[in-house]
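Heads up: the structure comes next, in structure tokens.
The values are calculated or read from the model by the stated rules, or taken from the named source; none is laboratory data. Because the structure is a prediction, the values reported are computed rather than measured. Here Cβ is always computed from backbone atoms with ideal geometry, including for glycine, and neighbour counts include all displayed protein chains.
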Amino acid sequence: MSVRKIFEKYTNEEIAHAFIIPAKLTLKQQKEADRELAEALKKSRLSLTDEQRLYGDLLQLRFQLETYLKQDHFDPTLTFGHFLNRYLKVINKKKKEFAEEIQIHETLLSHLINDRREPNENIMVRLELHSNNVIPAVYWYKLAEKEKEHHIKTDSAIRKRESQFISGRLPAFA
Amino acid sequence: MIIIEIAGKRSVPVIVERVEKADFRNITKSRFSFRWEELTKVAELYKLVFADKPIIIGLMALIDFPSECRIEIKLLASSVENVGKGKQYEGIAGCLIAYAAKKSIENYSSLASISLMPKTEIRQHYIKKYNMKPAGQHVFLEGGALLNLVNIYDI
């Protein structure tokens, strides 16, 4: 259906509920429109509150985590510790202060950030509660699982080590 | 994300995904009003589909402007059976606009914004329905209103 037919067949409200149809502008008009928008955005961003900044930064972290969890591939740099460290940066807290707020030892927090300890469910739920549900515990859980899944798929050392405990095997199937 | 089935008044889960080459077999001008394939040269295309079946019911073309922390919705269309008085589902455009907001927040955090440059006759409806602000020929969303939109559509 052509744009003209859309405007003939439907009311403006019906069109706005179903479409976004761009206005046709000359290059000069387009440049002027872009300049006006840039100015309005600049002005509008100045009025962002600290709370809105924090919420925007937290949502960014959540959405990036979501996108990574949806992907099939494993990235060894995007660990539980990496995202936890980013969370601390977003909320602008020192390790000591944050450890106190979720009532874990600062050393444990450092170990988690450096991926030297695996997080348990309690930690994941405390992270969810601390973020006021912006980053759900299940996201932290899936992140830790993604690392475990990669590890169990690819770790040849564990296969070599555990093979000594296998005294019988099924035959190789053709 | 959900849309509302008008006849049964029930919520129906939907998801947004990138349009793939194979999708163009089902993206016809008679069903989606425009020649979408041509837009792949200048924009990224996204489709709204049911969570449990791959039927496309909405399309959107996005252009990213990293230097302005902005994503522009170049074009958006609901499928022909979802336009006007007899439409089957409510909320297709809203879900797609909220997804554009999500993409912008994912890229630009608190500086994120989305914009569109609608035809003059209908720009007031976007301002009213989505709380957008006017800026010359554009209307845009940023800050609290953008974050609210993402919350409303539960992305």
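Exactly one of these conditions fails for B:F140: (1) modelled with pLDDT of 95 or more; (2) closer than 24 Å to B:V12 by Cβ; (3) in contact with a helix residue (DSSP H, G or I) (Cβ under 7 Å, 6 or more places away or on another chain); (4) surrounded by 22 or more Cβ atoms within 10 Å (Cβ to Cβ). Give me its number. For B:F140, the failing item is (2). Number of residues in region A:9-31 that are of a type in the set (A, V, I, L, M) and surrounded by 22 or more Cβ atoms within 10 Å (Cβ to Cβ): the value is 5.
Selection of region B:101-132 for residues being modelled with pLDDT under 95 and basic (K, R) yields B:K119, B:R123, B:K128, B:K129. Across region A:1-58, the qualifying residues are those that are β-branched (V, I, T), part of a loop (DSSP other than H, G, I, E, B) and over 29 Å from the mean Cα position of the chain (by Cα), and the one among them that is nearest to the other protein chains (Cβ to nearest Cβ) is A:I21. The helices (runs of 4 or more DSSP H) located wholly in region A:118-174 that include 2 or more residues which are touching a helix residue (DSSP H, G or I) at 6+ places or on another chain (Cβ under 8 Å) occupy A:121-130, A:137-154. The residues of region B:11-24 that are among the charged types (D, E, K, R) and surrounded by 10 or more Cβ atoms within 10 Å (Cβ to Cβ), listed by number, are B:E17, B:D23.
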